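Q: This is the structure, below, for whatever I ask next.
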Amino acid sequence: MKTLPSAGTTQNVDVPGLKKKQRFWAGIVREKYLLLMSIPFVLWLFVFNYLPIWGWTMAFQNYKPAKSFSEQKWVGFDQFKTLFHDHDFYLVLRNTLAMSVLGLIAGFTIPILFAILLNEVKSMPFKRVAQTITYLPHFVSWVVVAGIVTSMLSLDGVVNNLLIWLHIIHEPIQFMAKEHWFWGIVTGSDIWKETGWNAIIFLSAITGIDKELYEAAKVDGAGRFRQMWNITLPGIRSTIMVLFILSVGHLLNNGYEKQLLLGNSLVVDYSQVLDLYALNYGIKIAHFSYGTAISMFNSVVSILLLFTANGFFKKFAKESIM
Amino acid sequence: MKWNSTKTLSVLTLSSILLLSGCGGGNNDNSSSTSSPTTSTSDTSSSTSSPTTSTSDTSSSSDNTSSPSDSADSTKMDTSPIAFSFFGADISPNWNNMQDDVGKAITAATGVTINAEFDVGGGGGEDKISLMAASDQYPDIIFSKGNLGKLVDAGAIIDLTDLIDKYAPHIKEIMKDSMNRMKYSLDDQAIYAIPTNGGVNNESFDATGGFQVQLRVLKELGYPQIKTVQDYENVLKEYVAKHPTTDGQPTIPLLLNGDGWKRMITVTNPAFIATGAPDDGEYYVNPETYEAQLHYYRPEEKEYFRWLNHMYNEGLLDKNSFVQKDDQYQAKIASGAVLGLISQEWEYGNAENSLKSAGKNDATYGHFPVTLSDQYQDHELVSAGVDFYGISITKACKDPVRAIQFLDWLASDEGQVLNNWGVEGKQYTLDASGKRVIPDDVNNAKVNDNANFSKSTGIGLYTAFAPHYGDGVKDSTGNYYTTNFPEQIIASYSDAEKEALAGYNATTWKDLWPKDLPVKEWGALYNMQVPTDGEYQVIYTKTQAIVDKDVPKVVLAKTEDFDKVYDEFIADLDNAGAKKMGEMYTALVKNRVKLFTGKDVQ
């Protein structure tokens, strides 16, 4: 640290003779305020995201509360063996993946479509009102949404009444009791709740596109749909890619509120997800090690998925978040 | 946007520091350390604690703020202010932070304030208590219901045997005939919980279970005999044919609640109730051999489910029964459109209370001991003896002596009367002969506006804190401890209810129930803690998931498919290891009978 550069002349130019180490320290000194500012956030990240990983040791023990770490019994991969031998585990894994993938597909295509269509609307007041109305459900809790969905789909609910009135069906259908429809109902209510909110980011990406491109396209004789296809969509491509890769990483952590609140004992074979499984067979019966093993599996698979998706896009679409 | 850089920086740093420190502290200490208890231990330990003195003194004024001159009476307890944290595994929506009349009186007498937290949602405390065990952070006092085993296995609960012996004369007096029943298990005979979720020597004067029928139905049909499921079905059928709508809504003949654990109360428990078996949770115990097995294996119960299936196919059972959530179920009952329930009064009590508040007394329910056929007797009222969920003190409690003294005070006559009757001059008065009387306006508020009544008076909010005598037991003044005695029960009935009872020549619903059933030797098995380690819990959870899933299928099956679906259900239970689990449970039951009765069971 003896070569403290006093003025901004030397460090801006990449002097080949300067050693790597020196340049490193110089960089630190130059950006000391920025680094200081980031310290609290790094700490925060460390405390909440890295310290808890220590708890993963529980997955390899037969953990008993109230015993100290050294007194715990180590069991190696026994918890994982039990996990992979459990028939129910594959069932909940299937449900989790199915609902996540459905949610991912619907959660991308529909908001993008919606954002593009909304972008084409010329009337400003209408656009604003439409946007506000569609993103408001995002702020409604799942508890309320589940209540609305259940009563709308009940035997004497709006949907059945409408279908009967239109003579599409003769007997009311008990939607919530049909196990094969459960994934659809979850995805559908997710779309209703989140479309407007997810569209916001795409709308703002669209505003970033250079207006001259559209004018140039018009001059070349491109119609509305041509402009959407050749300018708007490519313009927000990188946003779409980044968001998509990030969501792939969350495939297994899709939450459980929807399934818990919309599910019932009749559809449990299709509604149970990994998180609920961990709750029932891990925490509720005090088998903490087993619960940890499930969540560890969850995290490892999530990271793998994230890297796979990223690698895939890097190779074929030349986009990457890492 | 212009940023004042230093200001921004400092705001950012400050907020992040706040964030960090907010979580760093963990629990902000259960405040029991704030008040230092002034040595009450040394002098009291020598006394042989006779419960003689304090009885019959109900004047609520034991303000002995540590009078030093009064050294003779060594059992007098410390009443300096102290706070205990508490967790209750039952919901307690009317809890008012001890700002109610009873709560204030308790604090005045004992110096104790309770910082209570109760379970939310369906109640039961399962998740919350598991997390307590995992994080090793406990409240001072806990009412853990069925989750005591987890806490004991985690070493969180202190053994109360010595504390009760030294500091709790009143608890000892109440529990004197049931000391064995407080012990945890044959191998671990410590006392971890004092039974509080029921009354000692309770003699029930009223029946609140069975099958329910709305009073308006009974009245219109001229009080028909309702003894078998066939009678019950006929009554519902006849009435709904006459009145297909109620207040413009379609009338619902029969409604069950399939949401979560309430499935047991309204769907699966009635299967053994209607076939003459006593309540042993998910098990049926053979009274001769003590063999335990999931009660679904009983062939009689298949016939009960066949009847439910029939009710569904007849269109009498509400089609939403297994789809709706608990709140929707309660809302339907509160609308007054539901003719029949198969439940317990406490399960739908809030909905019924709102019917009462709305003045729809004829839409409330009467109770009938309905059985599958004449050959069975309803065994709901079989006494399990003293065996209830109880209150425990955890290792987190800094002053267990004060805690046990607090519980003991609540178990004293003064405490019990306060809990059950309220404050003298407010919620009850003494007449010339020294008899406790509840004024009419108070009783009116209690019956018709129960939520607000318990919120402001606190009556009934503290019963789970300490052991207490049940209905029908009299104190030294000749009054009943509780407010449930025949005259009072009848006074609490609405006119519609009285009319219906008169139609059956009965004074209470209990008169319809069979009498003089023998006490169960193995107590209440739902209160028997099972090992949290090993296979048992996993198999049990699996079988419960199967019951949750398959019983609705059984009930909603097509008539011709019923046998097939039911056999599949039983096969699923077999595959999950139910037989093996039954054997493990049998061993536990036998140990329990040994512990409770001293019998040698093979």
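Q: Provide the per-residue ³J(HN,Hα) series for segment A:56-73, in order, calculated from phi with Karplus coefficients 6.51, -1.76, 1.60 and θ = phi - 60°, each as a whole number of Hz, with x at glycine and proline positions.
A: In residue order, the calculated couplings are 4, 4, 4, 5, 9, 10, 9, 5, 10, x, 6, 9, 6, 4, 6, 8, 5, 8 Hz.
Q: Quick one: Debye curve from the C-alpha atoms of chain B, no solvent, what's log10 I(q)/I(0) at q = 0.07, 0.11, 0.13 Å⁻¹?
A: Listed by q, the Debye log ratios stand at -0.48, -1.14, -1.49.
Q: If you don't mind, another one. With N residues in the protein assembly as shown, what two-decimal value do you get for its Cα radius of gyration over 2.2 N^0.38 Å?
A: 1.11
Q: A follow-up question, please. Once Rh for segment B:485-602 is found with the Kirkwood sum over Cα pairs, what is the Stokes-Einstein diffusion coefficient at 20 °C and 1.002 mPa s, in µm²/s?
A: 114
Q: Mind checking segment A:150-252 for GluC sites (Glu not before Pro) that DSSP puts in a loop (not H, G, I, E or B) and that have at most 13 other Cβ atoms within 10 Å?
A: Counting only loop positions with at most 13 other Cβ atoms within 10 Å, none of the GluC sites (Glu not before Pro) in segment A:150-252 qualifies.
Q: Per residue of A:271-280, what is the mean number of Cβ atoms on other protein chains within 10 angstrom of that residue's Cβ?
A: 1
Q: How big is segment B:537-600 by the Kirkwood estimate over distinct Cα pairs, in Å?
A: 13.4
Q: Another question, if that's okay. As a test of the formula, what do you get for the protein assembly as shown when each DSSP H run with n ≥ 4 contributes -39,500 (n - 2.57) and the sum is divided by the residue count, at 222 nm and rounded to the nearest 500 deg cm²/dmol?
A: That comes out to -14500 deg cm²/dmol.
Q: Let me ask something else about it. Mind listing the long-range amide H neighbours of B:THR113? Cut-off is under 5 Å, sequence gap 5 or more, other chains count too, H placed in the peptide plane at 1.01 Å from N.
A: B:ILE82, B:ALA83, B:PHE84
Q: Once the principal axes of the Cα atoms of segment A:16-73 are found, what is the range along each, listed largest first in whole angstroms?
A: 58, 25, 15
Q: Cβ neighbours within 10 Å, averaged per peptide: list B:517-530, A:164-177, B:140-153 in order, most packed at the top.
A: In decreasing order of mean packing, B:517-530, A:164-177, B:140-153 become B:140-153, B:517-530, A:164-177.
Q: So, one more: Considering just Cα atoms, how many Å³ per residue does the convex hull of segment A:78-316 enclose?
A: Expressed per residue, the convex hull around the Cα atoms of segment A:78-316 is 166 Å³.
Q: By average Cβ neighbour count within 10 Å, what is the ranking of B:583-589, B:211-217, A:104-110 from highest down?
A: B:211-217, B:583-589, A:104-110
Q: Order these peptides, B:323-333, B:474-484, B:389-399, by their mean beta-carbon neighbour count within 10 angstrom, highest first.
A: B:389-399, B:323-333, B:474-484
Q: What average count of beta carbons from other chains do you get within 10 Å of the Cβ of residues in A:261-268?
A: 6
Q: Indicate the helices, whole DSSP H runs only, in chain A that combine a mean Kyte-Doolittle hydropathy of 0.0 or more with a Cα extent along their long axis of 30 angstrom or more.
A: Long hydrophobic helices here: A:87-120, A:182-207, A:288-316.
Q: Once phi is turned into θ = phi - 60°, what whole-Hz ³J(HN,Hα) does the Karplus curve with 6.51, -1.76 and 1.60 give for every residue of segment B:167-182, x standing for Gly and Pro?
A: 3J(HN,Hα) across segment B:167-182, in whole Hz: 10, 10, x, 6, 4, 4, 5, 5, 8, 4, 8, 10, 4, 5, 6, 7.
Q: Can you give the mean number of other chain Cβ atoms that lie within 10 Å of the Cβ atoms in peptide B:538-546?
A: Shielding by partners across B:538-546 averages 3.
Q: Express the relative contact order of segment A:78-316 as a whole percentage, based on alpha carbon pairs under 8 Å and six or more residues apart in sequence.
A: Reported as a whole number, the value is 31 percent.
Q: Need one number: % antiparallel among DSSP beta bridges in the protein assembly as shown, to the nearest 5.
A: 60
Q: Please list, in order along segment B:98-103, the HN-Hα scalar couplings obtained from phi with the Karplus expression 6.51 cos²θ - 1.76 cosθ + 1.60 (θ = phi - 60°), rounded to whole Hz, x for Gly and Pro.
A: Working through the residues one at a time gives 6, 8, 7, 4, 5, x Hz.
Q: What are the residues whose amide H is under 5 Å from the amide H of B:ILE391, where those residues sit 5 or more places off or on another chain and H is modelled from the backbone?
A: Here the answer is B:ILE194, B:THR196, since their amide H atoms fall under 5 Å of that of B:ILE391.
Every number in this text was worked out from the coordinates using simple rules, so none of it is lab data. Small disclaimer: the values here were computed from a predicted structure and weren't measured. Don't worry about glycine lacking a Cβ; one is built from the backbone with ideal geometry, like all the others, and counts go over all protein chains shown.
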